[in-house]
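Take a look at the structure set out below.
The values are calculated or read from the model by the stated rules, or taken from the named source; none is laboratory data. Given the structure is predicted, the values throughout are model-derived calculations rather than measurements. Virtual Cβ from ideal backbone geometry, glycine too; neighbours counted across all protein chains shown.
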Amino acid sequence: MMEESKRKLNSLRQLIDKYGQTIKDGDQLSAAKRAICKEYALDFILNSELLAIIKKMPKKEMANFSKLSSVLKKRAVRTMSGIAPVAVLTKPYPCPGNCAYCPNEKDVPTSYLSNEPAVMRAIMCAYDPYRQVITRLGSLENNGHEPNKIELIVIGGTWSYLPEKYQYWYILNCFKAANDFSKIKKNLIVVKKLNAPYKKSLSLVALKKSLAAEQKKNEGAKYRLIGVTLETRPDYLNEEELLRMRDLGCTRVEIGVQAVDDEILKKNKRGHLVDAITRGTALLRDFGFKITYHIMPALPGSTPKRDFEMFQELFNDSRFQPDQIKFYPTVVTEGSLLYRWWKKGLYQPYSDQELKDLIIACKKIVPKYVRIIRLIRDIPGESIIAGNKITNLRQIMKQEGVACHCIRCREAHQEIPDQKKIKINLEKYPAGQGVDYFISADSLDGNTLFGFCRLSINPRSPISSAIIRELHVYGELVPIGGESKIQHTGLGKILLKEAENIATQNKVKNISVISGIGARNYYRKFGYRPGKGKASTYLNKKLA
């Protein structure tokens, strides 16, 4: 066994010494791996194994292999935003809606398809949350990433419609997986045996107690959940639901808005009208959540002109003002009412050019405080009967020089900022029943965003008159305690202090932050402590 380990170590060093300074892309890396595997009679070489060797080198020597390190990080963009997103899917449950555009495939959550990448991973893990998290973290590490700061994204439809016990069991096992990963990552085969299946007989009290224990453990774990995202319908949001989401550790909520037009919502059998969207949005903001809207251009009953008008309304009307947008252009898939309409000639999707022109127009007017997360949903082309099949629309637009000032298009990647060349900017806008402040750390020309803070001021909030809803520093993910790049350079502290100053100027005496579980210790360094009553899951600070 020792001889085999020594042989493997020698092979890794040989690859780095012989090819390390000449490898410039994935093809050259693959060729080098094949050559070394043949020489040493190996089955495979993992990127993470090579990165581990490089990271142990003295800094001067490590610098010689910076290009190789970048190539080793497969799909490096996954952690360029400063966090490692881990998407998990809940098991199929009945859906409270009956939307015209949603497919209904057997044994798959409503609106999802079995050949979507995230769904395929979930099916492989039997929808088990523990196995999904462990498997995804293992995949990220094998591709050269260090997923110490995890944003857990729970998808699968209307979270709020799931049984309460299942909700607690599900999130409990996501936290448990992150806490356990350090111990079992070298033997992922045992994962199937480590998690007990969900049973209706489970005690809710016991589940809550176990979740609280795992959350406490995660505050100091190597792999921390610094954010949890849940997706639901706006008409299922109320105060009780949001307090439960906070108990689970949720920091961001995605809601299916689709359109802000009552007639379009009625025609597509959405089951709620615009007033539910505005009420749900107001509640989310008052409770400090980050808010993501799912928008569906090209729905039956709409036109490119009306879609653009609705997009303008999102930021001209204080009742909306989402923080993030996901464009999910309407497509026709089998198993939906829309498919039957299309077959009868009752629906015609936009052409590729119409859709492209629409999204370009929307991107041109998107505010600087909004992040466009997606332009196209990840539905395989073979499942799309009619509608858009372009999957790399963002890249095409970038190549054509389409200008966009959204957060994603401006966020820093590997640039290390010179503090003297950073400007703190402030955007103030009406949102809900109060005012939002977007405090950003930008390059002097405004083209690069290094970090930002979202602050909401609303005396009528049931949690706090001032809530920091998001604090984010961009750049390549730096492990907790790792060397400074953009993260760990003090930008977060500067932005946090600016938010506190604004709250003080507004005569607010206490400020709260909707901290992710794994980020609590960061805020504690600046004097934030758990609140009481409804604010018990928030961190709070008295202001001078």
| query | Considering only residues of the stretch 115-134 that are modelled with pLDDT of 90 or more and part of a loop (DSSP other than H, G, I, E, B), which is farthest from the chain's Cα centre (by Cα)? | reply | 126
| note | Of the listed residues (376, 384), the one being buried (at least 19 other Cβ atoms within 10 Å of the Cβ) and in contact (Cβ under 8 Å) with a residue 12 or more places away in the chain is 376
| said: So in the stretch 435-458, with the set limited to residues that are of a type in the set (S, T, N, Q) and touching a helix residue (DSSP H, G or I) at 6+ places or on another chain (Cβ under 7 Å), which one is nearest to residue 425 (Cα to Cα)? | reply: 443
| Meets criteria (surrounded by 15 or more Cβ atoms within 10 Å (Cβ to Cβ), in contact (Cβ under 8 Å) with a residue 24 or more places away in the chain and β-branched (Val, Ile, Thr)) for residue 325 | yes
| task | Mind listing whichever residues of the stretch 255-274 are closer than 30 Å to residue 515 by Cα and assigned to a helix (DSSP H, G or I)? | result | 274
| query | Where residues in the stretch 156-171 are closer than 23 Å to residue 373 by Cα and modelled with pLDDT of 95 or more, which of them is nearest to the chain's Cα centre (by Cα)? | reply | 159
| What tally of residues in the stretch 505-534 results from selecting those that are of a type outside the set (S, T, N, Q), assigned to a helix (DSSP H, G or I) and either farther than 20 Å from residue 226 by Cβ or modelled with pLDDT under 95 (or both)? | 2
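Yes/no matrix, rows are residues, columns are (1) surrounded by fewer than 22 Cβ atoms within 10 Å (Cβ to Cβ); (2) in contact (Cβ under 8 Å) with a residue 12 or more places away in the chain; (3) at negative phi:
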residue: 111; (1), (2), (3): no, yes, no
residue: 114; (1), (2), (3): yes, no, yes
residue: 124; (1), (2), (3): yes, no, yes
residue: 129; (1), (2), (3): no, yes, yes
residue: 138; (1), (2), (3): yes, yes, yes
residue: 148; (1), (2), (3): no, yes, yes
| said: Considering only the stretch 304-313, I want to know if a residue exists there that is part of a helix (DSSP H, G or I), within 23 Å of the chain's Cα centre (by Cα) and not polar (S, T, N, Q). | reply: yes
| task | Identify all residues within the stretch 275-303 that are without any contact (Cβ under 8 Å) to a residue 60 or more places away in the chain, surrounded by fewer than 22 Cβ atoms within 10 Å (Cβ to Cβ) and in a helix (DSSP H, G or I); write none if there are none. | result | 275, 276, 278, 279, 283
